[in-house]
Amino acid sequence: MRHLLPVIIASLFVYSTTHAQTLTFGGYILDAASKEALPGATVFCGSTGTTSNVYGYFSVKAVPTDSIRIVLAGYLSQTIAAGDLQDKDGVVQILLEERSRLLSGVDVVARNEKQETGVDQLSKAQIRALPALMGEKDALKAIQLLPGVQRGNEGNSSLFVRGGTADQNLVLLDEAPVYNLNHFFGLFSVFNGDAIKDLNFYKGFIPAKFGGRLSSVLEMTMLDGNKERWKGEGGIGLLSSRIVLQGPLKKNRSSVLVAARRSYFDLLFSPFLRASNGIGLGYYFQDFNLKANYALNKKNYLIASAYFGKDRFRFSEPAGLEANSKRDYNRLYWKNATTTLRWNHIGRQARFSNTSLIFNRYQFGTDYEDFRGEADQKPLSVYSNSVSGITDLTFKHEWWLTLAGMEVRTGALVTQHLFVPANIRYRNDLTPIENFEQREEAKAAEGGVFWDQKLVFAKYWTLQAGIRGNWMRYDSTQSIFTEPRASLRWSKNKKLGLTLAYTRTNQMLQLLSNTGVSLPTDFWVPSTRAISPQQADQFSLGSNHKIGQRELSLGLEIYYKKMRNIAGFREGSAYIQVDNPNQVVPKIVPWRDILLQGTGDSYGLEVLLEKKQGLWTGWASYTWSKTTHQFDEINGGKPYHPFFDRRHTINLVNFYKPNPRMTFAVIWVFASPNPVALPIKSVPVQVDGDIEYVPYYGQRGQVRHRAYHRLDVSAQFHKKKRRFDRTWEFGVYNLYNQKNPFLYTLDEVKEPNGQTKLAVAAKSLFVFIPNVSYNFSF
Amino acid sequence: MKKISFLLLLACTTLCCTEYISPDDFEAPDFPVVIGFLSPQSDRVAIYVGNAAPFGEIVDPMVLALSDALVSISDTLGNVAQLEFDPDRGDFTVSATAFPIVSGRLYRLSVAVSGLSLSAVCVVPPALPLKETTITQSGNETYLQAQWDDQPNVANHYRLRAQYIGTTVGYEVGWDNQCSQSATLYTDEGRDGQTIRSTLGSVSNYGCNGKNAILEGDSVRVQLLHTDENYHRYYTTAFAAIQSNGLGDPITVFTNIEGGGEGVFAAYSLAETTISPK
C-alpha cells in the first residue's frame, strides 16, 4: 500500500487538456411524481459515469454538446444534452418517470446497474416484491439473500458478512447507527420497509467515508416525503399493521413523512391466558419514522429525520416463588432511537456538502417486582431493575467535489459514545437496608478524516482510492489508525469488468453476545486497555460479465479477510444472570474479565447470476466460504470454526410479473450445516469427593447438525380502485415445513420408567407460516 | 432478574416445535476420564478411571469405572507405586503410608486403559497457614472471613472451603453472597507476597437465601487449600460447567491428561482451623 498513496496524490495534479473546455454541471435527480430525491441513479457522460449520492445529487464535467444519459432501475432512462443542464443558479432538477406508472409491469424488481465498486443496491420496489413474513417486508432479510452474507440461526436478522461477526456491521438509517436490528427476537427487523427508499450494502470494498466496523456497511435512506401531494400507504397483517403518510407542507418546498407500525400479539393472546390461569403475558413492538425537509432555496436544504422503536415483553403470575408472594411482575424491553439533523448545501462549481448532527441511543432493560405480604396487609414490594445501553452523539461534515476530472468525497466526523453496561437498582421494602443503586458506565470517542476519489484513466480503467485516519479514545487510552482503501476496475464495452480491491478497517466497539441467539440482552462495550480495537484487511478480486442481450449478468468474486484483535468471550460467560433462580438481586456483569482477544481468517468464493429485465427477474447466488477463529483461552488455544461458518450457501430469488395486476415471488435458500455447541458425552467432575456429570462438547466447532433450507412463496394481486390502489398478498413462509433449528436447549425429559434425563432439544420457530395481508396506497 | 431466562426462552419457545436429537446423530466415540488429587494431608492416593457417559444418561460412576486399568504413580526420587482397584469406592488407591505425598515434589501418573497410555504430572505445593479467621454474628446473620499471607515470587492458587459443625441440619457456608463455588477460588495475581483477604462468607440454612445465626456451641471449620495451577484451572471450568445455565458459550472443562483422555491430575496442601462465634 506504500505505493498507492503517491498515485492518489499525483492523480490530483493530473489535468487533462480535454478538461479545459468543460463545465461542471450539478443537480438533483428526482421522481417526477413525488419530487422524491433518487439516490443511486447512474449519470453517463460518454463512456464514463457517476452516481447520484444518497441525497439524489450528482455533478458531472462535460462540454455543452455532450449527451448525458441518466439510468435508474425502475425508471425510464433519459438522455439530454449537457447544455440543457445549465441553469441560472447552476443547480438543475432532472425528473425521472417511474416505469411502472407508464408501462405494463416490466422491470419492477430489477437490481440497479452497479457503478460504485463492491456495493449492492436494493430499491424499494425490490424490497416490496419479496415475500412477506407475517405481512412485513424486511430489508434485512433481503440482504441475507445476497452472496457473502450468512444467516445466524433461523429467524435471526443479524448479518454475518464474509466471516465477520454480527457486531462488525455498520447499519445506518439516515446516517444514524442502529445498534439493535431485531423486533421480537429477530422475527421482524426494526426497519419499516414502507419507509425505506434506498439501501446500499458494502461488503468488499468499503469507501473511506465509512469507518468504525470491520465487515460491512448497510446504508439505508428513508423516504423524504412527497413534495407534490399527500399520499398514504399501509398494510394490515395477521399480527401487525403499518401506515405511512407523506405530503407537502409547502408544495415543492417542504414535505413531511410519518410512518408507524405496531404488532398486536398482546391484544390477541393476553386475554385468553389471563382467563385460563391468571398469567399475564404480553408482547408488542412499535416503531415510528418521522422525516421533514425544507428547501431554503435551490442550494440549501434542511432535513430532520428520526426513528423510535420499542419492544416490550411482560409476564406476571399470581404468586411468585416466595411463600408469601402475592403477585410478581416481570418486564423486559429494548428500544432504539435515532435523530438526524442535516443541512445540504451546494456551493460553487457544483460542490455539494452535507453537515449532520446525529444522536442515537439503544437501551435494554428488565424490571422485576414481587408484591409480598399477608392477605389482610398492605403488600410490600421487592423491586429490581437493570438497564444497559449505548448513546452516541456525532457531528459530521462532508464534501462531494469534482477536482481535476475526478470525483472526490472528503470530510470529517467525530462521535462521543456513552456505554452503560449496567445500571441496576434494588429496593426491598422488607429489608430496606439492602436497597442499593449501582451504575457502571464507560465513555469513549472516535473521530475520522477521510478522502475518497474516483479517477477514470486509460479508457478502460477506474481507480477508486481513499484513505481514512481514525482516532479512537477508550478506557483512558488513545489509538490512531490509518486505513487505506482502494479499488481498481477494468471494464470493456460495459460487458466485462474486473475489479481488484483492498480495504482496511478498525473497530473499537464489541457486542457481548451469547452464542447463536441474538437476544436484546446482548450489550455493547468499548475496547479496553487490555483489549485493543479490532482490525481487518480484506482483499477481493471480482468480475462482472453481461450475457446475451444484457438480460443476464454473472458476477464472480473471491476474497480473503484477515482479522486481528477480534473479540471473543471467555468460555462459560453468560451475560444473563440466572445462576440462582431465586436470586432477585441484580449483579453487574464483569464484562472486562469476559473479553478475550484473538484472530480470524475468512476466505471464499461468491457467484451471482442475475436476470434484470423481462417478465421473469431475480437472481441466484452461491457462496463457498470458510472462517476460522483462534483465541488462546478458547478451545484450548486450537483454531475453530465459529457458529456462523457455513461452507455452502445458495439463494434462489425469482419474481414473475405477467401483468400489472399480479406479482409472484419464489425464494429458496439453502445453507450447509453450521457448527453448533451440542454435548456429545457427559464427563465426570469431582467436587470434594462427589462425582457429578457435566456436558462434554468436544472440540469447538466439531459438531455440525443440519443444513438450513426453506421455500417461501407469495402472490400479490394489485388493483387500482377509484380512490386508491390495493394489494392482497398471500404467502407462505417455509412452504414445505422444514424444521430449521432456532435454538438448542438442554431439556429434562421423562423416560417411560418415570426417570428424567437431559436431552438436546432443537427448537424450530418458524415452520409453515401462511400469511395474508391487505395493503393499500392512496 | 430471576426470570430473565424464562422470559426470553418463553418468548422464543412459545411458537416452537421441539425435536429431540439422539446422541446417535453424532459420532461420539468413548474415551476414558481420569481424576486424581494428591495431598500430603490425605491418608491415601485415589485415582478414578472411568468412561465418559452417554450424554443425558443418568449413570453411576461406579458402573463406568474401568477396573481393568493399570494405574501407577511415581515421583522424581524413583519411588513407584502400583495402585489397586478398590471395588467399594470405585477408584484405584494406595495408602499414604505406602506412598507418601510430599510438598514440593513432582509426581507422574501413568494409566494404561482401553489400548491407550495416559499420563499427567503435577507438583505438590506447600501448605500455607491461615493468618486470621473471624466469625461474627449480626442480628440473625453469621459472617466469616479468612486471610492468609501469599508466598512471594511464585504464582500461587488457593481455594477456601468451610463446613458447618454442629447439631442443626441444613447449614451451608457461601462466599460472596452467592452459591457460586467459583467464589472460593483465588489467585495471587496483582497481590504477590501480600496478605489475601477472602470475600465475606455467610452461614445460611437451606440454600443461599436465608441467612441464620448459628447456635451457641456450633462452629465452622475453615480450610485453606494451596493448590497447583492444574487444580485451579480444573475447578474454575468445572464449577462453571456445573453452574452453567445453558445460555452462555459451552464450557470445556480443563484437562491435563495426555494420550487421548480427559480429566485432571492435580495437587494441593491443606491448612485448617475451627472457629466459633463469641
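Take the conditions hydroxyl-bearing (Ser, Thr, Tyr), crowded, with 17+ Cβ neighbours inside 10 Å, modelled with pLDDT of 85 or more and within 19 Å of A:LYS35 (Cβ to Cβ) and apply them to A:TYR283. Does it pass? Taking the combined requirement at face value, the residue does not satisfy it. Yes or no: A:ARG409 under 23 Å from the mean Cα position of the chain (by Cα), part of a strand (DSSP E or B) and crowded, with 19+ Cβ neighbours inside 10 Å? Considered against the rule, which asks whether it is under 23 Å from the mean Cα position of the chain (by Cα), part of a strand (DSSP E or B) and crowded, with 19+ Cβ neighbours inside 10 Å, A:ARG409 comes out as no. What do you reckon, is B:ASP43 exposed (fewer than 14 other Cβ atoms within 10 Å of the Cβ), within 26 Å of B:HIS232 (Cα to Cα) and under 22 Å from the mean Cα position of the chain (by Cα)? Spelling it out, B:ASP43 is indeed exposed (fewer than 14 other Cβ atoms within 10 Å of the Cβ), within 26 Å of B:HIS232 (Cα to Cα) and under 22 Å from the mean Cα position of the chain (by Cα). Flag not set for A:GLY278, criterion: under 17 Å from A:ALA195 (Cβ atoms) and either buried (at least 18 other Cβ atoms within 10 Å of the Cβ) or modelled with pLDDT under 85 (or both). Select from region A:333-358 the residues that are surrounded by 23 or more Cβ atoms within 10 Å (Cβ to Cβ) and within 26 Å of A:PHE288 (Cβ to Cβ) and write down the one among them that is farthest from the other protein chains (Cβ to nearest Cβ). Taking the candidates together, the pick is A:ASN344. Just so you know, in region B:49-79 the residues that are β-branched (Val, Ile, Thr) and surrounded by fewer than 16 Cβ atoms within 10 Å (Cβ to Cβ) include one that is farthest from B:VAL264 (Cα to Cα), and it is B:ILE58.
Checked across region A:568-581, the condition of being modelled with pLDDT of 85 or more and of a type in the set (Lys, Arg) holds for no residue. Of all the criteria given as (1) assigned to a strand (DSSP E or B); (2) free of Cβ contacts under 8 Å to residues at least 12 places away in the same chain; (3) closer than 30 Å to B:GLY139 by Cα, the one not satisfied by A:ARG425 is (2). Of the strands (runs of 3 or more DSSP E) contained entirely in region A:625-699, those carrying at least 1 residues that are within 29 Å of the chain's Cα centre (by Cα) and buried (at least 22 other Cβ atoms within 10 Å of the Cβ) fall at A:648-659, A:662-671.
Annotation note: Cβ proximity below 6 Å between a residue of region A:177-201 that is touching a residue at least 24 places away in the same chain (Cβ under 8 Å) and over 22 Å from A:GLU154 (Cβ atoms) and a residue that is surrounded by fewer than 24 Cβ atoms within 10 Å (Cβ to Cβ) and of a type in the set (Phe, Trp, Tyr) (sequence gap 6+ or interchain) occurs for A:TYR179/A:TYR362. B:PHE99: within 22 Å of the chain's Cα centre (by Cα), crowded, with 17+ Cβ neighbours inside 10 Å and of a type in the set (Phe, Trp, Tyr), yes or no? Against the criterion (within 22 Å of the chain's Cα centre (by Cα), crowded, with 17+ Cβ neighbours inside 10 Å and of a type in the set (Phe, Trp, Tyr)), B:PHE99 does not qualify. The residues on offer are A:LEU267, A:LEU296, A:LEU302, A:LEU257, and the sole one that is at pLDDT 80 or above, over 30 Å from the mean Cα position of the chain (by Cα) and aliphatic (A, V, I, L, M) is A:LEU296. Whenever a residue of region A:621-635 is closer than 13 Å to A:ARG700 by Cβ and within 14 Å of chain B (Cβ to nearest Cβ), its partners that are at pLDDT below 90 and in a strand (DSSP E or B), lying with C-beta atoms within less than 6 angstrom and at least six residues away or across chains, give the pairs A:PHE631/A:GLY568; A:PHE631/A:LEU596; A:GLU633/A:LEU596; A:ILE634/A:GLY568. Quick one: B:GLU57 ticks every box in (1) at pLDDT below 95; (2) of a type in the set (Asp, Glu); (3) outside any loop (DSSP other than H, G, I, E, B) except a single one, so which number is it? All conditions are met except number (3). Scanning region A:759-769 for residues that are free of Cβ contacts under 8 Å to residues at least 40 places away in the same chain and either buried (at least 17 other Cβ atoms within 10 Å of the Cβ) or over 28 Å from A:HIS709 (Cα atoms) (or both) yields A:ALA759, A:ALA761, A:LYS763, A:VAL767.
So which residues in region B:225-278 are modelled with pLDDT of 85 or more and part of a loop (DSSP other than H, G, I, E, B)? The answer is B:ASP228, B:VAL253, B:PHE254, B:THR255, B:ASN256, B:ILE257, B:GLY259, B:GLY260, B:GLY261, B:SER276. When A:LEU430 is tested against (1) outside any strand (DSSP E or B); (2) touching a residue at least 60 places away in the same chain (Cβ under 8 Å), just one condition goes unmet, and that condition is (2). Taking the criterion of being more than 8 Å from chain B (Cβ to nearest Cβ) and over 14 Å from A:ASP712 (Cβ atoms), the only residue of region A:760-772 that qualifies is A:VAL772. Considering region A:231-257, the residues that are among the polar types (S, T, N, Q) and out of contact with any strand residue (DSSP E or B) (no Cβ under 6 Å at 6 or more places or on another chain) include one that is surrounded by the fewest Cβ atoms within 10 Å (Cβ to Cβ), namely A:ASN252. B:ALA120 satisfies every condition listed in (1) under 30 Å from B:GLN145 (Cβ atoms); (2) away from chain A (no Cβ under 14 Å) except (1). Take the residues in region A:674-720 that are more than 7 Å from chain B (Cβ to nearest Cβ) and of a type in the set (Gly, Ala, Ser), then tell me which one is farthest from B:HIS232 (Cα to Cα). Per the criteria, the residue is A:ALA715. Here A:VAL732 meets each of (1) away from every other protein chain (no Cβ under 14 Å); (2) more than 20 Å from A:GLY186 (Cβ to Cβ) with one exception, condition (2). Out of all the residues in region B:215-222, is one or more within 13 Å of chain A (Cβ to nearest Cβ), buried (at least 18 other Cβ atoms within 10 Å of the Cβ) and at pLDDT 90 or above? No: region B:215-222 contains no residue that is within 13 Å of chain A (Cβ to nearest Cβ), buried (at least 18 other Cβ atoms within 10 Å of the Cβ) and at pLDDT 90 or above. Restricting attention to region B:32-69, the residues that are of a type in the set (A, V, I, L, M), facing chain A (nearest Cβ under 9 Å) and touching a residue at least 60 places away in the same chain (Cβ under 8 Å) total 3.
The listed residues are A:VAL749, A:VAL767, A:VAL760, and the only one of them that is touching a strand residue (DSSP E or B) at 6+ places or on another chain (Cβ under 7 Å), over 26 Å from A:THR649 (Cβ atoms) and either β-branched (Val, Ile, Thr) or not in a strand (DSSP E or B) (or both) turns out to be A:VAL749.
In region A:380-387, the count of residues that are out of contact with any Lys or Arg (no Cβ under 9 Å at 6 or more places or on another chain) and within 30 Å of A:PRO590 (Cβ to Cβ) is zero. Taken together, A:LEU418, A:LEU393 contain a single residue that is touching an Asp or Glu at 6+ places or on another chain (Cβ under 7 Å) and within 24 Å of A:ASN336 (Cα to Cα), which is A:LEU418.
The values are calculated or read from the model by the stated rules, or taken from the named source; none is laboratory data. Treat the numbers as computed from the prediction; the structure is a model and nothing was measured. Methodologically, a virtual Cβ is constructed for each residue, glycine included, from the backbone with ideal geometry; neighbour enumeration extends over all protein chains shown.
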